[in-house]
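The next block holds one structure in the form of C-alpha cells; read it before the comments.
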Amino acid sequence: MNHLPTKRLRFCLLTLFIVLSSACGLRAVEADKPSKPNFVVIFCDDLGWGDLGCFGNPTIRTKHLDKMAAEGMKFTQFYVGASVCTPSRAALMTGRLPCRSGMCSNKKRVLFPDSKGGIPASEVTLAEALKQGGYSTACFGKWHLGHLKPFLPTSNGFDYFFGIPYSNDMDRLASAPKGREAVFNPKPEYYNVPLMRNEEIIERPADQTTITRRYTEEAIKYIDENKDKPFFIYLAHSMPHIPLFRSPEFVGVSRRGYFGDVIQEIDWSVGQILQKLRDTGLDENTLVVFCSDNGPWLIFGDHGGSAGPLRDGKGSTWDGGMREPTIFWWPKTIPAGEVAADVGSTMDLMATFTKLAGVPTPTANKLDSYDLTPVLKQTGTSKRESLFYYRGYDLMAVRHGPWKLHLYTQTGYGGKRETHNPPLLFNLEHDPGESRNVANDNPEVIEEILAVIKKHQSEMVFAESQLEIR
Ligand code: MG
C-alpha cells in the first residue's frame, strides 16, 4: 500500500513533465517561427525589359527566372527612378526621386572613381530602415552610391559588403587596348576595379570572370549564417553592364552570344538563391524581388541588351530606359503565376518592405514610395497615380494612368534634346512602344497632366548635386 502515493507522485510528476515540456516545445516552435519576412532584392545592371525568356526574349534561356515568374508575380509596368546607375540605385535605396537627395546631375550622369560625393547621411536607406526591426543586412555586388568611407554600404545601414564600389568599366588602364576593343574583347586586367569586403580592397583588379558566381556564393553563405533572424540581402549584380564577363562554365552556352551567356549565368544565380531559400525552409517567409537599375545600353550593339517592344534604352526617358522586367516571388503569400496590372517603382520598395517588416516608414524626408502590399496580396491596388521621369534635374516626362506625356525627349547617348510644345502624348496601354502621338485627340488629358506637373514642381525641393562635388 505504501508504494501508492509514490506511484501517484510519479504519475503527477510525469504529467507535469509532459505538460511543461510540451509547453516549452510550443514556445520553442513559436520562437523559431520568424515573425518578420526576409527580403532579397536581386538587381541587375543595364538589363533590358526584353532580355528574359518570361518577358519574350526569343533566344536567351532563363529557366530559373521563368520559374520564379510562374511561382510569383510578374510586373510588366515596373519602373526605376532614373535611366542610369547612380541615380537609379539612390532611388531604390531611399524611396525618393534622386533630385531630392542630390544623387543626380545635369553635368555628370553617375559617380566616378574621382568623385568626392555620395549618398548623404541625411538619407534613410532601406537597410537603415529595416535595421530598426532587427534585420541583418548585406550588400553584394555593385554599390555606386559613393566609394569613400562615409558613402559605402557599411556606413549606410549594411552590416556587410562584398562587391565593387562603382561600375565595372571604370578605372580603365592606359595600357588597355584603345576604343571598343577593350569592351568587345574584355579582359579583367584592363579595368582596375577594386573588389571590396566591407571597407577593405581585397582584390584589384577584380577578377570579373568569376564575379557573378562569387556574389552568389557569398549571398548563399549569408543566408545560411542568418537563417534564424530576419535579413535583407541586396544582391546587385555588376552584369550585364559592359564589359561583359562570365564564368568559364557559361562560355558559349547561349545562342544570343556573349550577352546571352552573361544573362544565363545570372539566371543560374537566381536559381541558386531560390533553391537555398527552399532548402533552408525560408521560402515561404522571404520576399524576393528581381529587377534592374536601367534599360539596355544600346550603343554597344550586341553587347547591350534589348528593351523588347519599348522605345530606346539606358540613359533615355523613353520607356526602354526606365521600365524593367520585374518579378516578385513569395510562395503562399503572392499568388503564383499572376501579372500585376499596377504600375510600380523601385522607390515603392521602401514603403512596401517597411510595412511588411512592421517598422516605421521613414518620415524624415519626403518619399516617392507607395505600398505595393495590396497588389502583391491581391487585396487592392497601388495608390500611385503618377510617375515622374527625370534626366538629372530636368523633368522630361510624366506617366499618369495609361498616359505618358513628354515635355522633352532625348535619346540615351548622343542626340539633341527636343522640346515639345505642345507635349507629346502616348497611351502606353495600347502603344507601349510610344510610336503614335495622340496629343491632338486628347487635349483634356494634356491639361490634366500639366496640372499634375505644376503641382509636383511647386512642391519639389532639389538637393545640391553630390555628383558634382570634386
Ligand atoms: Mg546601370
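Using a 1.4 angstrom probe on heavy atoms only, work out the carbon and sulfur share of the accessible area of segment 38-386 in %.
On the way: 5670 of 11220 Å².
Carbon plus sulfur share of accessible area: 51 percent.
Can you bin segment 387-459 into rounded, prolate or oblate? Criterion: square roots of the alpha carbon gyration tensor eigenvalues sorted a ≥ b ≥ c, rounded for a/c under 1.5, prolate for a/b above b/c, oblate for the rest. Verdict is oblate for segment 387-459. Taking GluC sites (Glu not before Pro) across segment 409-467, the ones in a DSSP loop with at most 13 further Cβ atoms lying within 10 angstrom of their Cβ are Glu429, Glu464. Computed from backbone phi with θ = phi - 60° and the Karplus coefficients 6.51, -1.76 and 1.60, the 3J(HN,Hα) list for segment 288-294 is 10, 10, 10, 6, 9, 7, 6 Hz; x is used for glycine and proline. Between Tyr393 and Gln275, the contour length at 0.36 nm per residue exceeds the Cα-Cα span by 38.3 nm.
Share of carbon and sulfur in the accessible area of segment 387-459 stands at 49%, probe radius 1.4 Å. Residue separation of Ala439 and Ala364 scaled by 0.36 nm, minus their Cα-Cα distance, works out to 23.1 nm of gained length. What FRET efficiency comes out for the pair Glu284/Ser175, r = Cβ-Cβ distance, R0 = 41 Å, nearest 0.05? Efficiency, from the Cβ-Cβ distance: 0.20. Once the Cα atoms are used to define both axes, helix 443-459 deviates from the longest principal axis of the chain by about 70 degrees.
Shape of segment 259-304 from the C-alpha gyration tensor: oblate (a/c of 1.5 or more and a/b not above b/c, with a ≥ b ≥ c the square roots of its eigenvalues).
For segment 349-457, which trypsin sites (Lys or Arg not before Pro) pass both filters: DSSP loop (anything but H, G, I, E, B) and at most 16 other C-beta atoms within 10 Å?
Working: sites: Lys355, Lys366, Lys377, Lys383, Arg384, Arg391, Arg399, Lys404, Lys416, Arg417, Arg436, Lys454, Lys455; in loops: Lys366, Lys377, Lys383, Arg384, Lys416, Arg417, Arg436.
For trypsin sites (Lys or Arg not before Pro) across segment 349-457 that sit outside H, G, I, E and B with at most 16 neighbouring Cβ atoms in 10 Å, the list reads Lys366, Lys377, Lys383, Lys416, Arg417, Arg436.
Using only Cα atoms, find the angle between the long axis of helix 257-279 and the longest principal axis of the chain, and express it within 0 to 90 degrees, rounded to the nearest 10. Its long axis makes an angle of about 20 degrees. Which one, Phe353, Pro120, Leu130, projects farthest toward the positive side of the charge dipole computed for segment 38-386 from Cβ point charges (K/R +1, D/E -1)? Farthest towards the positive end: Pro120. Computed from point charges on the beta carbon alone (+1 for Lys and Arg, -1 for Asp and Glu), the dipole magnitude for segment 387-459 about its Cα centre is near 320 Debye.
Placing pseudo-labels 7 Å out from each Cα toward the beta carbon at Ala336 and Asn421 gives an inter-label distance of 5.6 nm.
Dividing the mean sequence gap of close Cα pairs (under 8 Å, 6+ apart) by how many residues the chain holds gives a relative contact order of 25 percent.
Taking the Cα centre of the chain as origin and charging only Cβ (+1 Lys, Arg; -1 Asp, Glu), how large is the dipole, in debye to the nearest 20?
Numbers: 54 positive and 54 negative charges, 183 e Å.
Its charge dipole is roughly 880 debye.
Each residue of segment 71-88 was assigned a 3J(HN,Hα) from its phi angle through the Karplus expression (A = 6.51, B = -1.76, C = 1.60, θ = phi - 60°), giving 8, x, 10, 8, 10, 8, 10, 10, 10, 10, x, 6, 9, 9, 4, 4, x, 5 Hz with x at Gly and Pro.
For the chain, what is the accessible area per residue in Å², given a 1.4 Å probe and the full set of protein chains?
On the way: 19250 Å² over 470 residues.
Ligands and nucleic acids excluded, the result is 41 Å² per residue.
For Glu459 and Glu217, the difference between the fully extended length at 0.36 nm per residue and the C-alpha to C-alpha distance is 82.6 nm. Return one number: the angle in degrees, 0 to 90 and rounded to the nearest 10, between the long axis of the Cα atoms of helix 348-357 and the longest principal axis of the Cα atoms of the chain. Once rounded, one gets 10 degrees.
Past 22 Å, Cα to Cα: identify those pairs from Lys74/Lys383; Lys332/Lys366; Lys142/Lys229; Lys131/Lys377; Lys116/Lys366; Lys131/Lys227, in the order given. All intermediate terms of the calculation are to be shown ahead of the outcome.
Working: Lys74/Lys383 19 Å; Lys332/Lys366 33 Å; Lys142/Lys229 25 Å; Lys131/Lys377 24 Å; Lys116/Lys366 25 Å; Lys131/Lys227 16 Å.
The pairs that break the limit, which is 22 Å between Cα atoms, are Lys332/Lys366; Lys142/Lys229; Lys131/Lys377; Lys116/Lys366.
Less than 5 angstrom separates the built amide H of Thr326 from those of Phe75, all sequence-distant by 5 or more or on a different chain. Residues whose amide H comes within less than 5 Å of that of Ser136, counting only those at least five positions distant or on another chain, are Phe231, Phe232 (H built at 1.01 Å from N in the peptide plane).
Put simply, the amide H of Leu111, placed in the peptide plane, has neighbours under 5 Å in Thr86, leaving out anything fewer than 5 places away on its chain.
Shape of segment 38-386 from its Cα gyration tensor (a ≥ b ≥ c, root eigenvalues): rounded if a/c is under 1.5, otherwise prolate when a/b > b/c, or oblate? Rounded, since a/c falls under 1.5. Taking every DSSP beta bridge that has both ends in the chain, the antiparallel portion is near 50%. Selection among Thr379, Leu428, Gly102 by position relative to the dipole of the chain gives Thr379 as farthest towards the positive end (Cβ unit charges, Cα centre). Averaging Cα coordinates gives a centre for segment 369-444 and one for segment 53-105; these two points are 16 Å apart.
Can you work out the Karplus-derived ³J(HN,Hα) for every residue in segment 39-53? Use 6.51 cos²θ - 1.76 cosθ + 1.60 with θ = phi - 60°, whole Hz, and x for glycine or proline. So the J values, rounded to whole Hz, are 10, 10, 10, 9, 10, 8, 10, 6, 8, x, 4, x, 9, 10, x.
Which one, Met322, His400, Val270, projects farthest toward the positive side of the charge dipole computed for the chain from Cβ point charges (K/R +1, D/E -1)? Farthest along the dipole direction, towards plus: Val270.
The values are calculated or read from the model by the stated rules, or taken from the named source; none is laboratory data. Model, not experiment: these values are computed from the prediction. Because the Cβ atoms are built from the backbone with ideal geometry, glycine has one as well, and the counts that use them run over all protein chains shown. Keep in mind that these areas ignore ligands, DNA and RNA; they rest on the heavy atoms of the full protein, side chains included. Shrake-Rupley method; radii C 1.70, N 1.55, O 1.52, S 1.80 Å.
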